[in-house]
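First the structure, in the form of structure tokens, and then the observations on it.
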Amino acid sequence: MKLSILTSLLFCCICFGQNNTDTSLYMKSDKITYLTDIGSESGDLYKTIGHHGPAVENEWMALRIYFSDKVAIDVYSKAKPGLELRKANWYPTPQQQKEGWGADYYKVASTVGLGGVKLWDGDKLVPLNPVTNRLARVGKTDTTSWMEMISRGVPYKGKKVDILVRVTVFSGKREAKVEAVSLTGEKVQFATGVNYFKDCQTKKGNNYIAVWGKHPEDVAAEIVEVGAAIMYNPKDYEKTTDDGTQYLLISKPAKTLETSIISSSARETELNTLDKLEAYIKK
């Protein structure tokens with residue numbers, strides 16, 4: 001009897017102590033060897049790296065940062081909780097998708113995607129490009145997984161700045177954290193937000209923007225409605241704008257910025273509508 005209780009307690013400790021997050025960074029030509037970092041003076045390894053850049057996942061979604069002039073954040077949506085990035089490599093077969101695997105329903109196009117970061121020069125968006133070097137890194141702790149992209153030598157208002165974008169996912173928590181840092185110590189205006197397409201629904205609150213609808217994706221077995229939201233501190237921003245493809249948040253001059261992002265899809269059982277997504281955010 002005592003042994004049975006101890007065994008049960010041990011099982012519970014193992015289950016609750018499990019880190020339900022993961023990272024993925026590998027060369028497209030070699031899906032066996034996983035990397036912790038990779039760099040490029042050109043700033044573009046889009047066609048060289050698997051899934052076009054570093055990626056992380058929690059139980060409900062995977063996120064990647066494009067290793068190109070975009071440095072946008074893209075989403076891999078899941079139908080059921082679990083880790084599947086290293087098995088699916090972001091692109092499950094149509095049969096796997098029918099069996100319950102996730103898929104790439106989200107389309108970034110030329111936007112920031114979900115919580116991606118650019119700069120603002122007072123009049124227009126400034127991409128994190130060209131660069132003197134771009135570096136991608138991934139790592140894990142006991143309860144998290146993270147990825148980051150460092151863009152060095154980005155021209156900005158007559159100077160060159162180094163900008164870090166870091167995304168962290170947490171075990172047992174749906175939201176991911178996005179951090180932007182001016183590594184050179186210069187105050188900059190960051191631009192972030194969430195993109196959308198025609199006929200998408202939108203809900204806004206004092207500290208969030210949530211979007212729901214179909215993206216014109218062409219790599220998934222079917223088109224499925226996806227939700228995406230960014231949560232932020234309104235005190236950090238001086239204005240918001242909408243360019244017809246994305247809702248943008250323009251920060252006050254700062255050395256750092258932090259937001260939270262979340263995504264879900266109509267295929268999952270929990271947050272499968274915009275109303276449910278918004279209710280979760282409000283909690």
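The values are calculated or read from the model by the stated rules, or taken from the named source; none is laboratory data. The shown structure was predicted, so the numbers you read here are calculated from the model rather than taken from an experiment. Reconstructed Cβ throughout: ideal geometry from the backbone, glycine too, with neighbour counts over all protein chains shown. Surface accessibility is based on the protein's heavy atoms, side chains included, excluding ligands, DNA and RNA. Shrake-Rupley method; radii C 1.70, N 1.55, O 1.52, S 1.80 Å.
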- [ ] Could you check, for the range 189-211, whether at least one of its residues is under 14 Å from residue 165 (Cβ atoms) and in a loop (DSSP other than H, G, I, E, B)?
- [x] no
TODO: Determine which single condition residue 88 fails, assuming it passes every other condition in (1) open to solvent by less than 10 Å² (accessible area, probe 1.4 Å); (2) in contact (Cβ under 8 Å) with a residue 24 or more places away in the chain.
DONE: (2)
Task: Test for residue 245: is it under 16 Å from residue 197 (Cα atoms), at pLDDT 95 or above, in contact with a strand residue (DSSP E or B) (Cβ under 9 Å, 6 or more places away or on another chain) and not basic (Lys, Arg) - done: yes
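Residues being among the basic types (Lys, Arg), within 19 Å of the chain's Cα centre (by Cα) and farther than 22 Å from residue 108 by Cα: count how many of those fall in the range 145-204. Outline the logic, then answer.
Quick first cut of the range 145-204, residues among the basic types (Lys, Arg) only: 152, 157, 159-160, 166, 173-174, 177, 187, 198, 203-204.
Now drop any that are not within 19 Å of the chain's Cα centre (by Cα), which leaves 166, 173-174, 177.
Narrowing the set further to residues that are farther than 22 Å from residue 108 by Cα leaves 173.
Selection size over the range 145-204: 1.
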- [ ] Tell me which of these residue 252 doesn't satisfy, since it passes every other one: (1) under 17 Å from residue 189 (Cα atoms); (2) surrounded by 14 or more Cβ atoms within 10 Å (Cβ to Cβ).
- [x] (2)
Task: Within the range 200-238, tally of residues that are among the hydrophobic types (A, V, I, L, M, F, W, C), open to solvent by 70 Å² or more (accessible area, probe 1.4 Å) and more than 29 Å from residue 92 (Cα to Cα) - done: 0
Task: Identity of the residue in the range 119-134, of a type outside the set (Phe, Trp, Tyr), over 19 Å from the mean Cα position of the chain (by Cα) and in a strand (DSSP E or B), that ends up surrounded by the most Cβ atoms within 10 Å (Cβ to Cβ) - done: 126
- [ ] Quick one: in the range 255-283, of everything that is under 19 Å from the mean Cα position of the chain (by Cα) and either open to solvent by 90 Å² or more (accessible area, probe 1.4 Å) or acidic (Asp, Glu) (or both), which residue is nearest to residue 105 (Cα to Cα)?
- [x] 268
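Results for (1) acidic (Asp, Glu); (2) buried (at least 17 other Cβ atoms within 10 Å of the Cβ); (3) in contact (Cβ under 8 Å) with a residue 60 or more places away in the chain, shown as yes or no for each residue.
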| residue | (1), (2), (3) |
| --- | --- |
| 151 | no, yes, yes |
| 158 | no, no, no |
| 161 | no, yes, no |
| 165 | no, yes, yes |
| 173 | no, yes, yes |
| 187 | no, no, yes |
| 198 | no, no, no |
Task: Identity of the residue in the range 135-188, in a loop (DSSP other than H, G, I, E, B) and small (Gly, Ala, Ser), that ends up farthest from residue 279 (Cα to Cα) - done: 158
